[in-house]
Amino acid sequence: MPAYTIRIATPLDTEGIVSTIKEVYDEYNFEWEPEGYHADLYDLEGKYIALGHTFWVAEQDGQIVGTGALERFPAIPGPAKTIVEFEGKRRIGGCDSSIERVYVRPSARRQGIGKAISQVVFETAREEKLNLVEIWSDKRFKEAHQMYQAFGAQQVGDRLCHDPEQSPEWGFVLDLSIH
């Protein structure tokens, strides 16, 4: 298997990030919404870097083949590890961070790239003394759910995503104090 590297993304990676995630969207026939749900991908500086979040990419043979991000925020109000309504969305109470935009190109799967990106996100959150990581994942992504559970995440509920399809998602929480 060809080797890959994981590094922090810069705005210069926008085209490769968009291409990677769009390839997965095309695979599942999901709608692409550049001015809406996917606008963050076209503005890494404004939507991630300037807000104190971190976006990573996995590269293989000079091509971006995987993505993932860590968002940090004040703890979501409500009982920890339970589904709550917050700012008009179903969220997980007590979470002070979330893992976002974890995608791997179909041609690069089965090499541990998604797991490696997730591990970097979770290790970074742990090093920063964050407590609970919120994870939302489309219900069709069963292998991703197994991966998150292997990290120790607990499934706590579900919601409809705010994406164009209103995709059903499972919500998981990873308690960083346990692992």
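Within the bounds of region 139-148, is there any residue that is touching a strand residue (DSSP E or B) at 6+ places or on another chain (Cβ under 8 Å) and of a type in the set (S, T, N, Q)?
So in region 139-148, the residues touching a strand residue (DSSP E or B) at 6+ places or on another chain (Cβ under 8 Å) come out as 139, 144-145, 148.
Add one more test, that the residue is of a type in the set (S, T, N, Q), and what stays is none.
Among the residues of region 139-148, not one is touching a strand residue (DSSP E or B) at 6+ places or on another chain (Cβ under 8 Å) and of a type in the set (S, T, N, Q), which makes the answer no.
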Original post:
Would it be correct to say that PHE55 is in a loop (DSSP other than H, G, I, E, B) and crowded, with 17+ Cβ neighbours inside 10 Å?
Top reply: no
Original post:
closer than 28 Å to GLN154 by Cα, touching a Lys or Arg at 6+ places or on another chain (Cβ under 8 Å) and of a type in the set (Asp, Glu): does that describe GLU100?
Top reply: no
Original post:
If you take the residues of region 113-132 that are hydrophobic (A, V, I, L, M, F, W, C) and touching a residue at least 60 places away in the same chain (Cβ under 8 Å), which of them is nearest to GLU59 (Cα to Cα)?
Top reply: ILE113
Original post:
Is it the case that region 150-164 has a residue that's under 15 Å from GLY66 (Cβ atoms) and in contact (Cβ under 8 Å) with a residue 12 or more places away in the chain?
Top reply: no
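Answer yes or no: is there a residue in region 145-156 that is within 13 Å of the chain's Cα centre (by Cα), among the aromatic types (Phe, Trp, Tyr), crowded, with 16+ Cβ neighbours inside 10 Å and under 20 Å from ARG72 (Cα atoms).
In the first step, residues of region 145-156 are kept if they are within 13 Å of the chain's Cα centre (by Cα); the result is 145, 147-148.
The next check asks that each one be among the aromatic types (Phe, Trp, Tyr); those that pass are 148.
Subsequent filtering for residues that are crowded, with 16+ Cβ neighbours inside 10 Å retains 148.
Narrowing further to those that are under 20 Å from ARG72 (Cα atoms): 148.
Within region 145-156 (the criterion being within 13 Å of the chain's Cα centre (by Cα), among the aromatic types (Phe, Trp, Tyr), crowded, with 16+ Cβ neighbours inside 10 Å and under 20 Å from ARG72 (Cα atoms)), the answer is yes, since at least one residue qualifies.
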Original post:
Do you know which of the residues in region 81-97 that are in a loop (DSSP other than H, G, I, E, B) and at pLDDT below 95 is nearest to GLN166 (Cα to Cα)?
Top reply: GLY88
Original post:
Can you name the condition, by its number, that THR82 falls short on among (1) in contact (Cβ under 8 Å) with a residue 60 or more places away in the chain; (2) crowded, with 16+ Cβ neighbours inside 10 Å?
Top reply: (2)
Original post:
Quick one: PRO106 ticks every box in (1) within 24 Å of GLU123 (Cα to Cα); (2) touching a helix residue (DSSP H, G or I) at 6+ places or on another chain (Cβ under 7 Å); (3) of a type outside the set (A, V, I, L, M) bar one, so which box is it?
Top reply: (1)
Original post:
Restricting attention to region 19-52, and to residues there that are surrounded by fewer than 15 Cβ atoms within 10 Å (Cβ to Cβ) and among the acidic types (Asp, Glu), which single residue is nearest to GLU128 (Cα to Cα)?
Top reply: GLU45
Subject >> Conditions (1) at pLDDT below 95; (2) among the hydrophobic types (A, V, I, L, M, F, W, C); (3) touching a His at 6+ places or on another chain (Cβ under 9 Å); number of the one not met by PHE30 >> reply: (3)
**OP:** Just one of (1) crowded, with 18+ Cβ neighbours inside 10 Å; (2) more than 26 Å from ARG159 (Cβ to Cβ); (3) of a type in the set (D, E, K, R) trips up GLU15, so point out which.
**Re:** (1)
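The values are calculated or read from the model by the stated rules, or taken from the named source; none is laboratory data. Note that this is a predicted model, so its numbers are computed, not measured. We place every Cβ from the backbone using ideal geometry, glycine too, and count neighbours over all the protein chains shown.
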